[in-house]
1. Determine the dipole magnitude for chain A: charges of +1 sit on the beta-carbon of Lys and Arg, -1 on that of Asp and Glu, nothing else is charged, the reference point is the Cα centre, and the result goes in debye to the nearest 20.
2. Any idea what the dipole of region B:39-151 comes to, in debye rounded to 20, about its Cα centre with Lys/Arg Cβ at +1 and Asp/Glu Cβ at -1?
3. Suppose only helical runs count, i.e. DSSP H with n ≥ 4. What mean residue ellipticity at 222 nm does that imply for chain B under -39500 (n - 2.57) per run, divided by all residues and rounded to the nearest 500 deg cm²/dmol?
4. Based only on other Cβ atoms within 10 Å, what is the fewest-to-most ordering of B:D77, B:D402?
5. Please pull out the direction-averaged projected area of region A:116-247, using the convex hull of its alpha-carbon atoms, in nm² to one decimal place.
6. From the cross-link list B:K114/B:K150; B:K150/B:K502; A:K159/B:K502, which pairs have alpha carbons spaced over 19 Å apart?
7. Give the cross-link partners of B:K207 among the aspartates and glutamates, using a straight C-alpha distance below 13 Å as the criterion and excluding same-chain residues fewer than 8 apart.
8. Charges at C-beta only: +1 for Lys and Arg, -1 for Asp and Glu. How large is the resulting dipole of the protein assembly as shown about its Cα centre, in Debye rounded to 20?
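Laboratory data are not the source of any read-out in this text; all were calculated from the coordinates shown. As the structure is a prediction and not an experimental result, all values here were calculated from the model. Cβ coordinates were reconstructed from backbone atoms using ideal geometry, including for glycine residues, and neighbour counts include every protein chain displayed.
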Amino acid sequence: MLSVIRERWRQGHRTIAYPAGDLPVLPDRYRGLPCVDGAKCPSECRACADVCPTDALRFDAGVRIDMGRCLFCTDCTSACPEGAIAFTREFRTAARTRDALVTDGAAFPLARAVDAKSRRLFGRSLQLRQVSAGGCNACEADINVLATPVFDLGRFGIKVVASPRHADGIIVTGPVTANMRLALEKTYAAIPDPKCVIAVGACAISGGPFAGHDEQHGGCEGILPVDLHIPGCPPHPLTILDGILRWLGRIESSGAPTIDRDSNHSCGTLSTDTHAISTPYRP
Amino acid sequence: MTVITDCVKTFNSKPVRQADVPVVRFDDFRDALASTLASRDGELLALFGVPRGPQTVRVYGVTLEGMTGAIGLMATDVGERYPALTRDVSQAHWFEREIAEQWGVVPENHPWLKPIRFHRSYSSGRDAWNRVVGGAILPCVMPEGTDYFKIRGDEIHEVAVGPVHAGVIEPGHFRFQCHGEHVFTLEIEFGYQHRGIERRLIGGPDKRTLPLMETLAGDTSIGHATAYCQLIEGLGRVVAPLRAQAIRAAALELERLANHTGDLGALAGDVGYLPTLSYCGRIRGDFLNATALVCGNRFGRGLVRPGGVGFDIDEPMAAELRGRVEAAHRDVTGAANLLWSTSSVMARFEGTGTVPLATIRALGVTGTAGRASGHDRDARRDTPSGYHRYAQIPVSTWHTGDVFARAYVRHLEIQRSCEYLIENAPQLPAGDVRRDIGPLMVDAIGVSLIEGWRGPVCHVAMTGAEGTFSHYKVVDPSFRNWIGLAMALRDQPISDFPLCNKSFNLSYCGHDL
Ligand code: SF4
Ligand code: SF4
């Protein structure tokens, strides 16, 4: 018994302060929100698109990256002859709409909160059922860690539950394989209304590295109505946590992360907006 | 009896010409496989079919000789049906089901011939179960003429679990035949995670190949990416710089540490021992974050690249890495030792889900689960590649084959891996970290083995006349080990299933591909 207490003492208190306090600092090599400076691109240059494993680059309005497809592999960064593509350490990349994920990084809006009604329903207690539909177990693992003392999801009233009957919504991972589609639809149907859908990872948003394979459906689109998109392969646990809290209106955002473009390549400098935790919504 | 010489011998990631692989008569193939596995303490690393014209499938057998580390390759041609090898080579049981499903070939008299992934046959118009061409194939719904294993009797009942499980976990389907709490048999079926990866690899390598390797079993990104990269380096006749090899080896141990730590925590959680569960959940993250320190991604995505690694480790980072591993080593050892000194935990671990060594050998169960039953095998020592040729890590085994053994072997491996990193991280060999790979050998076949955290990750690549993949076979250790979990559940109370399952912690997507 004494040894148990001694060990408890030694292991210490480990829960991160987020969302209170300063933004957590991710490793230097962490790849978050992309920053593309299309002004540097010679017209007709497609060096980045030629190497991208998931066709994530868009050239319709400047040069933009579809984070819903992106694996954050940085092959485009290495291929670009002009140094126009970089990945910042901004981890707050979740978005309400699919379109918002297509970005050059400059005006990426932080995920907005749900409407007042949903906020009243889910804001203080959100029970989620997780379904892996072809996920590689990395997205699943980084959802799982939210339950560890480090992130302690329970302190926000958010919990992953065992039965869809007990759930307010579903977190989907994986490209929705042909063999899991029915089980996913049945699980969703078993959740009482009103309900929400959170798509975690490139797979669940677009099929990720498996996009285009006959054996899968290219993510949730067209199968379930997605309320929150969390990009990444896999997303950092903080990205998932931040996305859910912002969406619930538990973090107030003062606009978008802004990228300072004055120096030659300064994609790494991001201003950190204030993001104090708001008081729980009271109807 | 001495037909063993019929196979061509090669070594880890040393491709040979396909023309050098002997294609022998079926009977000789079977006898040679059987005797290699029996007399040379051998393992069946892979058995797979490659189509040769409309009526013929060439079956390749890849064996590992326990004593020498030599990898044997041979082949035989079969038509629509052939006598099942499993009758004489029990390790072939799951491989033959895969061949039947992929190529519509029937291994006659296979003891339990059923699909394993539930997709259409790749040979048009040929189906091993005569399913209607173009008809729907529903996952885990058995084709006519087959069924789940059943026990009959008034008080026998069946428990079906999955595909969607209670936790945050991948899908699979489990069927138990029980009498009250007592489980007679467990049968496991897969296919829900099938994403068609092997089919997509043909024609590569291309820009999708590496991401697919990193995500076919996402918790083994480093293991699979390394197996792939060292294989195409062999085919491209390039050796990755020594410094890159050392960084890969370090990343492989970090991956092992993160997963083993997570498993110890999960095992503690399953017996309701919360202190170790909480600590290990956090310490696992420390190891993942150490990987992210090196390459920005917690699962090591983008680190291992063909020809070397994508990220170097400079001196301050090496020092930081060492410091983090030292701290996590102290913490994980403390957390694990609580388990061994808590009698209520030990009472649940010891004697639960025992798999005898004979069963391990007969069915080809491997890796961590094998070592926990005294099967002294570890690719890092037996078929060393990359940096493991210079820096050895002692092999950890235990003899009891129960949940305790599978937990304790992880604990021992955590100690060894930490010691390895603490010693080796600060002294990486000098030099660059990446080299270009030339065109791949044409008409070649190569086998790559990496001891991932679950066990040996085996990749087999075949190239065509253009030097692109004409066939690619991935054998995740889970493919061979799921049957071990089924064996562990025999004559156990069904309430021990979660505990036994965690003690194996196998991959669904690594199996389904
Ligand atoms: S980082 Fe994203 S956009 Fe760039 S090549 Fe990789 S997947 Fe494509
Ligand atoms: S998005 Fe990436 S990490 Fe997530 S399940 Fe898909 S392949 Fe795995």
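1. Result for chain A is approximately 1400 debye, rounded to the nearest 20.
2. Roughly 280 debye for region B:39-151.
3. It lands at -12000 deg cm²/dmol.
4. In order of increasing Cβ crowding within 10 Å: B:D77, B:D402.
5. 7.2
6. B:K150/B:K502; A:K159/B:K502
7. A:D50, A:D55, A:D75
8. Value, rounded to 20: 1060 debye.
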